[in-house]
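Written below as structure tokens is the structure these notes are about.
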Amino acid sequence: MQSFFEWLESWPLSVGLRESSWMFPAFESVHVIAIALVVGSIMIVDLRVLGLASRSERVTELSQTVLPWTWGAFAVALISGFCMFASKAHAYFGNTSFQIKMLLMAAAFVNMLAFHFIPYRSVSSWDEGASAPPLARLACGVSLTLWVFIVVMGRWIGFSIEG
Amino acid sequence: MLHSFASWLSQTPASQIIQNVLWIIPLVQTLHILAIAVVLSSVAMIDLRIFGLAGRRATMMQTADRYVPWLWWGLLVLALTGATLITGEPVRSLTNPAFQIKMLLLLGAMAVTISFQRSVRKNAVVWDTRVRSSASIRVAAVGTLLVWFAIAVAGRWIAYMVLEY
């Protein structure tokens with residue numbers, strides 16, 4: 001693991017991110033915009049299932065048109081985030097906020113799978129109107145909460161990272 | 001003048017509290033980022049509707065009614081949290097070229113939003129028939145989204161632009 005981190009930190013891109021005056025803020029900017037689109041688009045779908053917004057739209061249609069963009073933005077966030085991680089792999093890996101953020105993302109992933117394979121299977125019966133079953137609402141409430149705290153932890157990394 | 005105002009502001013009790021309580025700035029920045037998520041995603045959803053890629057069942061008026069209020073509420077949260085961040089670091093922010101560019105871009109983006117809102121209210125039918133497929137509207141839609149992105153980039157740059165006096 002240590003040698004893997006050292007290898008990551010020796011990448012020309014990692015050296016550039018540590019030494020250049022503009023590269024790190026440029027990657028952070030891309031990361032923030034991508035996360036904004038990920039979190040905002042997930043909120044749109046979650047609020048729809050909770051019956052709090054977009055009630056005139058079908059859950060299936062909204063998720064099928066919005067979520068591919070969520071995944072696209074997530075890929076951008078993941079790549080830009082990984083590059084920043086690589087530039088100081090040891091420091092990030094040992095950072096508590098970073099560790100919590102990764103755990104919360106794993107939880108969001110499990111929650112998404114649970115939503116998809118349990119309540120979403122019966123979506124045809126609650127596709128229209130504000131009548132999603134309790135399990136679907138629970139998963140979307142959990143999703144909203146997790147993503148807010150993922151942003152909180154992400155911002156905290158910047159204030160607690162060493163080196 | 002701006003510099004002396006910023007220096008005065010940094011001496012006020014409100015500014016001192018923000019400077020000295022360690023968790024205020026990251027917390028307020030987090031709220032700022034969540035509001036950015038609301039604004040950027042609202043603009044992106046309107047763009048997707050203009051391109052016919054999402055919300056096709058809704059009219060342009062319904063799309064505007066769904067997302068433009070969120071955009072304005074998001075901007076209100078951004079203004080309040082942004083003002084808090086400025087109060088905490090007035091000299092570094094107010095006199096910073098990145099901040100000044102950000103405010104100019106923001107004025108432009110707000111003007112576009114207001115004119116979009118007015119136009120949809122006034123010409124609802126036209127927006128759902130001809131305007132949606134118009135090339136100039138599509139260019140304007142993408143251009144506006146890019147301006148919002150640029151506002152976020154300029155915002156991030158405030159922290160990195162080193163000023164010397």
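The values are calculated or read from the model by the stated rules, or taken from the named source; none is laboratory data. Only a predicted model underlies this, so the values are computations on that prediction, with no experimental measurement involved. Neighbour counts are summed over all protein chains in view; Cβ atoms, including those assigned to glycine, are modelled from backbone coordinates with ideal geometry. These accessible areas exclude ligands, DNA and RNA; they are computed on the full protein's heavy atoms, side chains included. Shrake-Rupley method; radii C 1.70, N 1.55, O 1.52, S 1.80 Å.
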Checklist entry - Hey, what's the Kirkwood Rh for segment B:2-160 if you take every pair of different alpha carbons, in angstrom? => result 17.1
Item to check | Portion, in percent, of the accessible area of segment A:13-89 that falls on carbon or sulfur, probe 1.4 Å | outcome: 72
Item to check | Selection from B:GLY155, B:PRO90, A:ALA86, by position along the positive dipole direction of the protein assembly as shown (Cβ) | outcome: B:GLY155
Checklist entry - Which one of B:LEU2, B:THR30, B:GLN19 has its Cα pushed farthest toward the positive end of the charge dipole of chain B, where Lys and Arg give +1 and Asp and Glu give -1 at the Cβ? => result B:THR30
Checklist entry - Got a sec? Which residues of segment A:11-45 lose 50 Å² or more of accessible surface with every protein chain in place, vs. that chain alone, 1.4 Å probe? => result A:PRO25, A:SER29, A:VAL32, A:ILE33, A:ALA36, A:LEU37, A:ILE44
Item to check | Summed buried accessible surface, chains B and A, 1.4 Å probe, nearest 100 Å² | outcome: 2800
Item to check | Those lysines that a straight Cα-Cα span of less than 26 Å connects to A:LYS88, excepting residues fewer than 8 apart in one chain | outcome: A:LYS101
Checklist entry - Quick one, what does Rg over Rh come out to for segment A:2-160 if you take C-alpha atoms and the Kirkwood Rh? => result 1.06
Checklist entry - Size of the dipole of segment A:2-160 about the Cα centre, Lys and Arg at +1 and Asp and Glu at -1 on the beta carbon, nothing else charged, in debye to 20? => result 260
Item to check | Computed [θ] at 222 nm, deg cm²/dmol, the protein assembly as shown (DSSP H ≥ 4; -39,500 (n - 2.57); rounded to nearest 500) | outcome: -27000 deg cm²/dmol
Checklist entry - For segment B:2-160, which whole percent of the accessible surface, found with a 1.4 angstrom probe, sits on carbon and sulfur atoms? => result 72
Item to check | Dipole magnitude of segment B:1-144 about its Cα centre (Cβ charges: Lys, Arg +1; Asp, Glu -1), debye to nearest 20 | outcome: 660
Checklist entry - Accessible area per residue, 1.4 Å probe, Å², for the protein assembly as shown: what's the number? => result 51
Checklist entry - What are the ³J(HN,Hα) values, in whole Hz, obtained from phi via the Karplus relation 6.51 cos²θ - 1.76 cosθ + 1.60 with θ = phi - 60°, for each residue of segment B:112-128 in sequence order, with x given for Gly and Pro? => result 4, 4, 5, 6, 4, 4, 5, 5, 5, 5, 7, 10, 3, 5, 4, 4, 8
Next on the checklist: If R₀ is 56 angstrom, what is the calculated FRET efficiency for the pair A:ALA130 and A:SER10, using the beta carbon separation as r and rounding to 0.05?
Outcome noted: 0.55
